[in-house]
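Structure record follows, encoded as structure tokens.
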Amino acid sequence: MDDYIQTIALMKEIFGKDCQFALATSNGTYPSVRYIDAYFDGECFYLITRLDSRKAKEIAANSNVALCSRKMFRLEGQAHLHGHPLSPVNREIRKQLIEAFEPWYFRDNDENDAAMCYIKIQPVSVFFHQDGVGYTVDFIGKSVQKFPFSFQPYLTEID
């Protein structure tokens, strides 16, 4: 359990800020992917959207989601619409999201808009790496596997 607790603390250090990921949902027939900004609070990932967005509608129909990044981060989890930012249940996470997304939170989000909502992603399984170590984290069994991992990025962009 100590490895698990230390690994979650490392994840908080790495992902407890504005991080960009590709979010995969399902539209019923096909995967649906888009880039989002997310924040890890030490238990779950959070993002901001509107109830009428495609991602919110797809999550309402099927809560299974995946996140990935260009640096070999991968998450499989359950996403849930977590309500309006001014809802009492969001009081604490709202403070954290305002701080994490400070450069753009109020510029890009209108909290007077009743359709604005947070999405909470509860991880089931996560892979990430740091300083030559790979981590596979089982959030259900609260366990972690650590192993040597070398990441050599060969990323290209499509113009």
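Residue pairs whose Cβ atoms lie under 9 Å apart, sitting 6 or more positions apart in sequence or on different chains, and linking a residue in the range 44-64 that is free of Cβ contacts under 8 Å to residues at least 12 places away in the same chain to a partner that is loosely packed, with under 14 Cβ neighbours inside 10 Å and in a loop (DSSP other than H, G, I, E, B), are S53/A115; K57/N27. The lone criterion from (1) touching a helix residue (DSSP H, G or I) at 6+ places or on another chain (Cβ under 8 Å); (2) farther than 21 Å from V144 by Cα left unmet by V126 is number (2). Within the range 86-102, the residues that satisfy the criterion of being part of a loop (DSSP other than H, G, I, E, B) and farther than 11 Å from L47 by Cα are L86, S87, E102. Right, A100: farther than 17 Å from I36 by Cα and either in contact (Cβ under 8 Å) with a residue 40 or more places away in the chain or among the basic types (K, R) (or both) or not? Criteria not met by A100. A count restricted to the range 103-159 and to residues that are closer than 25 Å to P85 by Cβ, among the hydroxyl-bearing types (S, T, Y) and in contact with a Gly (Cβ under 7 Å, 6 or more places away or on another chain) stands at 1.
Pull up the range 110-159, narrow it to residues that are part of a loop (DSSP other than H, G, I, E, B) and aromatic (F, W, Y), then point me to the one that is surrounded by the most Cβ atoms within 10 Å (Cβ to Cβ). Going through the qualifying residues, I end up with F139. State yes or no: is N62 out of contact with any Leu (no Cβ under 8 Å at 6 or more places or on another chain) and at pLDDT 95 or above? In short, yes.
Of all residues in the range 122-133, one or more are touching a Cys at 6+ places or on another chain (Cβ under 9 Å) and within 18 Å of Y39 (Cα to Cα). In the set (1) closer than 20 Å to A100 by Cβ; (2) surrounded by 19 or more Cβ atoms within 10 Å (Cβ to Cβ), I59 fails one condition alone, (1). Restricting the range 72-109 to residues that are closer than 29 Å to E157 by Cα and loosely packed, with under 14 Cβ neighbours inside 10 Å leaves a set whose member that is modelled with the lowest pLDDT is M72. Is it the case that the range 80-101 has a residue that's hydroxyl-bearing (S, T, Y) and over 13 Å from the mean Cα position of the chain (by Cα)? Yes; the residues of the range 80-101 include at least one that is hydroxyl-bearing (S, T, Y) and over 13 Å from the mean Cα position of the chain (by Cα).
The values are calculated or read from the model by the stated rules, or taken from the named source; none is laboratory data. Computed from a predicted model, the values in this text were never measured in an experiment. Glycine gets a Cβ as well: all are built from the backbone with ideal geometry, and neighbour counts include every protein chain shown.
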